[in-house]
Amino acid sequence: LDARTMEHLVFFFAELSLIQYSMITYCPSMIAASAVYAARRTLNASSSWTEALKKHTSYSEEQVKYVHIHWAIYNHLLSLLFEQAHMSV
C-alpha cells in the first residue's frame, strides 16, 4: 500500500466524522482507529485490522467495524436524500 494514499484516505474518513453530528458519541481515538480501518478496507489491504493495530489502539476489529458501518449507513442515507432531491427538481 502506498503510505501517502493511505494517509490521505485516513484523513478523509476522520474529517467525515466532523460533519456527522451522530459521531459525537464516539471518542476521538475510536474515530481515528475507525478511519484507519475504513482506509485499509477501501484500499483492499491484505488485512483490514491486524494484531499490531489492535495492540496499539486497544480496539478490536469488531469495535472499529461498528463505527465503519455507522459511516456507511450515514453516507448511503445522505446519497439517497441527494438523489431524491435531485429527482424532485
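FYI, it's all coordinate maths here, none of it is from the lab. Every value quoted in this text rests on a predicted model; they were computed, and no experiment measured them. Counting neighbours? That spans all protein chains shown, and the Cβs are built from the backbone with ideal geometry, glycine included.
Can you tell me the 0 to 90 degree angle between the C-alpha axis of helix 61-88 and the longest principal axis of the chain, rounded to 10? Value to nearest ten degrees: 20.
Structure remark: mean-square fluctuation, Gaussian network model of the chain, C-alpha springs under 10 Å; the largest value among 26, 59, 37 belongs to 26.
Kirkwood hydrodynamic radius of segment 3-86, from the reciprocal of the average inverse Cα-Cα distance over all distinct pairs: 13.3 Å. Cα axis of helix 3-16 to longest principal axis of the chain: angle in degrees, 0 to 90, nearest 10? Here the helix axis deviates by roughly 50 degrees.
Taking K and R as +1 and D and E as -1, what net charge do the other residues with C-beta under 12 Å from the C-beta of residue 8 add up to? Result for the local shell: -2. This model, with +1 at the C-beta of Lys and Arg and -1 at the C-beta of Asp and Glu, gives the chain a dipole about its Cα centre of some 140 debye.
Counting only alpha carbon atoms, the long axis of helix 28-42 and the longest principal axis of the chain meet at about 80°. With a Förster radius of 41 Å applied to the beta-carbon distance between residue 5 and residue 85, the computed FRET efficiency rounds to 0.80.
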